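Quick notes on the structure that follows.
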Amino acid sequence: MGAPSTPGYPQRLAALPLADRRLLTSMAGVALAALAVGIAGGLATALARAGLLDIVPATGYRFLTVHGVSIFFYWLFVAQAALLLAFSATEDDQGLAWRRVAWAGFALMLGGFGLSMAGAQIGTPLLYNGAPELAADDPRGLLVFSSGYLLLGLGLMVLPACAITTLLTPRWQGRQERLSAVGFALFVWAGFLIVTGFAALYAFVPSVLWALGAGPFPAGQGTSWHIVFHNMHYLPLMATVILWYVLMQVLTGVKSVFGERFSKIVFSMYLVFVPPTSLYHMFLEPDLPGVVRVAGSLLSLFVSVPTLTAFLIIVASLEVHARRHGGRGLFGWIRLLPWRHPSMAAIGVAVLSMGLGLVFAFVLIQGELAPLLSDTFFVPGYFHFFTVGTVSLTLLAALAVVLPAIGGRAIWRPGLLRWMPWLAFAGLLVFGVAGIAAGYLGVPRRVIDVAYQGQAPALWQGLMAAVGVGGTLMALALTIFAAGLALSLLPRRGRDPVQGSMPLATWGGGALPPGASAWVGPVSVLAIVAAMYAFSALAFELMRSLPITAAGGAGH
């Protein structure tokens with residue numbers, strides 16, 4: 001990675017027009033509010049499953065619906081849209097194109113959030129996929145709930161279009177010959193968001209029409225949902241590695257030693273590998289042909305290719321430069337990174353969480369294991385390594401750089417905030433290990449009370465108690481981290497934004513130095529692959545030992 005262009009991203013963000021900064025601040029505030037609502041719903045659900053909160057099942061499912069919708073749809077995607085616009089606006093230092101259209105797109109997403117939250121409180125709790133079967137007797141709630149997703153889908157088409165226009169305007173005006181690596185990555189990211197928005201419309205328009213009495217019952221929504229969920233599952237991972245790429249430049253001054261062209265190839269790999277791999281979400285469909293299951297398992301192996309390749313680029317670039325400037329030992333160079341900055345701490349946890357998430361995702365994509373594990377607590381157990389540990393902490397890391405820059409207010413208590421990702425990771429390990437173990441032992445994932453009136457194994461409740469403890473730690477850490485960043489939204493100016501210690505920022509040079517080596521990235525990937533096979537073998541052995549084998553319906 002070589003010396004970054006001057007001025008850097010914080011200075012370029014601070015120099016954006018006031019109107020742009022107001023839009024970005026508003027979007028960040030709504031994203032953090034959605035995160036807070038989702039954390040509250042998730043904590044209540046975890047405590048209920050642990051037996052520490054006595055609520056009737058319907059209320060528990062409402063909490064679960066609020067948690068899934070707020071976090072997975074509105075926190076992740078409003079935050080992504082805000083960061084996409086922020087970094088797109090800095091590519092040419094001219095601010096956003098189509099700013100009024102961007103405000104309209106944001107208004108659509110905000111309206112969608114309100115409708116989705118209202119729909120979660122009306123009628124039967126619909127969970128995050130808004131299954132029309134649950135509203136067959138009372139479609140009012142489905143109408144409101146699905147209308148929220150329609151507005152979200154429209155917003156996900158409008159806002160990225162503004163980013164694309166902003167990125168391409170310098171080329172249209174002859175002021176830019178080609179997109180930078182970051183600009184190209186932002187362009188791909190925006191395109192995927194538009195496709196995801198269209199997929200959301202395709203999935204939920206039939207539900208709205210049926211609820212209005214203008215169309216047939218959407219019996220085939222499950223297939224459309226699998227496509228939407230797949231995009232919304234992997235798109236945040238693409239956003240994550242793009243943000244890692246940018247944040248490493250901000251925090252360390254390091255760019256890719258492999259050059260911008262190779263980085264562009266890696267980012268474009270998401271267009272090749274992600275769309276065809278949605279088959280594994282359909283492994284629970286009873287009429288899915290065997291050949292499709294095998295193809296789905298094989299294709300799904302490639303989902304991690306672009307993410308791991310981008311990870312290797314970033315880690316190898318950091319390691320090469322660290323060794324050139326005094327880093328010693330296999331891991332000794334890591335201590336040179338600016339760990340006192342909350343963003344660096346969050347990225348460190350995100351990388352560790354991604355490794356764990358990939359290991360257990362490999363277990364779930366196998367055609368023989370998916371029917372046994374997909375309706376167990378294995379899914380939330382492993383999936384939180386992605387949603388919380390990897391994606392959410394990366395988005396918060398990016399906001400920790402962007403918000404002080406556009407608001408002119410320093411990060412609140414960075415010495416405290418830098419420990420919050422590690423506290424969240426501790427809770428995530430407890431939650432994840434207990435949840436995955438529960439999944440291996442057959443604990444269902446969509447049942448609030450797993451005691452089954454004392455008929456279930458006692459170990460089930462013990463594992464759910466651990467899930468509650470881990471969930472509480474995660475909720476506490478994320479709340480403090482998010483609240484600290486939210487203070488940067490206040491209008492009063494403080495001292496200069498905190499950048500943390502940056503011992504690598506003076507390195508310079510973009511070429512691979514003679515004799516330099518980088519081992520941590522390849523060794524990490526080998527460790528992930530070995531763990532994938534080990535936990536797959538464990539899964540086969542444990543699932544064979546269960547007294548009852550059951551396959552649930554229509555998966556994720």
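Kindly evaluate ARG49 against the criterion of being over 29 Å from ALA135 (Cβ atoms) and in contact (Cβ under 8 Å) with a residue 12 or more places away in the chain. Criteria not met by ARG49.
Residue count for the range 221-230 under the criterion of being closer than 17 Å to PRO139 by Cα and either not polar (S, T, N, Q) or not in a helix (DSSP H, G or I) (or both): the result is 0. If only residues of the range 128-148 that are of a type in the set (A, V, I, L, M, F, W, C) and part of a helix (DSSP H, G or I) are counted, the one that is surrounded by the most Cβ atoms within 10 Å (Cβ to Cβ) is PHE145. Consider the range 415-442 and keep the residues that are at pLDDT below 90 and not small (Gly, Ala, Ser). The one that is most open to solvent (accessible area, probe 1.4 Å) is LEU441.
Can we say PHE106 is under 16 Å from the mean Cα position of the chain (by Cα) and part of a helix (DSSP H, G or I)? So PHE106 fails the test.
In summary, no helices (runs of 4 or more DSSP H) completely within the range 1-75 bear 3 or more residues that are among the basic types (Lys, Arg) and within 18 Å of GLY381 (Cβ to Cβ).
Pairs are defined by a Cβ separation below 8 Å, a sequence spacing of at least 6 or placement on different chains, a first member in the range 206-218 that is within 10 Å of LEU143 (Cβ to Cβ) and at pLDDT 90 or above, and a second member that is part of a loop (DSSP other than H, G, I, E, B) and open to solvent by 70 Å² or more (accessible area, probe 1.4 Å); the pairs so defined are TRP210/PRO216; TRP210/PHE217.
Out of curiosity, is TRP412 modelled with pLDDT of 85 or more and not in a loop (DSSP other than H, G, I, E, B)? Against the criterion (modelled with pLDDT of 85 or more and not in a loop (DSSP other than H, G, I, E, B)), TRP412 does not qualify.
Matching residues to (1) at pLDDT 55 or above; (2) over 15 Å from GLU319 (Cα atoms); (3) out of contact with any Asp or Glu (no Cβ under 6 Å at 6 or more places or on another chain):
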| position | (1), (2), (3) |
| --- | --- |
| VAL450 | yes, yes, yes |
| ALA456 | yes, yes, yes |
| ALA465 | yes, yes, yes |
| SER488 | yes, yes, yes |
| ASP496 | no, yes, yes |
| GLY509 | no, no, yes |
| PRO513 | no, no, yes |
| SER517 | no, no, yes |
| GLY521 | no, no, yes |
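Contact annotation: residue pairs with Cβ atoms under 8 Å, 6 or more positions apart or on different chains, pairing a residue in the range 81-92 that is in contact (Cβ under 8 Å) with a residue 60 or more places away in the chain with a partner that is among the aromatic types (Phe, Trp, Tyr) and in a helix (DSSP H, G or I), are ALA81/PHE106; LEU84/TRP189; PHE87/TYR9; THR90/TYR9. Just one of the listed residues (PRO160, PRO125) is part of a loop (DSSP other than H, G, I, E, B), in contact (Cβ under 8 Å) with a residue 60 or more places away in the chain and open to solvent by less than 30 Å² (accessible area, probe 1.4 Å), and it is PRO125. None of VAL274, VAL349, VAL320, VAL303 is buried (at least 22 other Cβ atoms within 10 Å of the Cβ) and modelled with pLDDT of 75 or more except VAL349.
Evaluation of GLN176 against the conditions (1) among the polar types (S, T, N, Q); (2) outside any helix (DSSP H, G or I); (3) under 20 Å from the mean Cα position of the chain (by Cα) shows that the sole unmet condition is (3). Considering only the range 355-376, state which residues are open to solvent by 10 Å² or more (accessible area, probe 1.4 Å), in a loop (DSSP other than H, G, I, E, B) and at pLDDT 75 or above. Within the range 355-376, just ASP375 meets the criteria.
One residue alone among GLY51, GLY60, GLY42, GLY114 is open to solvent by 50 Å² or more (accessible area, probe 1.4 Å) and more than 27 Å from ILE242 (Cα to Cα), and that residue is GLY51. Which one is nearest to HIS67 (Cα to Cα), of the residues in the range 448-462 that are without any contact (Cβ under 8 Å) to a residue 24 or more places away in the chain and of a type outside the set (Phe, Trp, Tyr)? Taking the candidates together, the pick is GLY462.
The values are calculated or read from the model by the stated rules, or taken from the named source; none is laboratory data. Note that this is a predicted model, so its numbers are computed, not measured. So basically every Cβ, Gly included, is an ideal-geometry build from the backbone, and we count neighbours across all protein chains shown. Just so you know, the surface numbers come from the protein's heavy atoms only, side chains and all, with ligands and any DNA or RNA stripped out. Shrake-Rupley method; radii C 1.70, N 1.55, O 1.52, S 1.80 Å.
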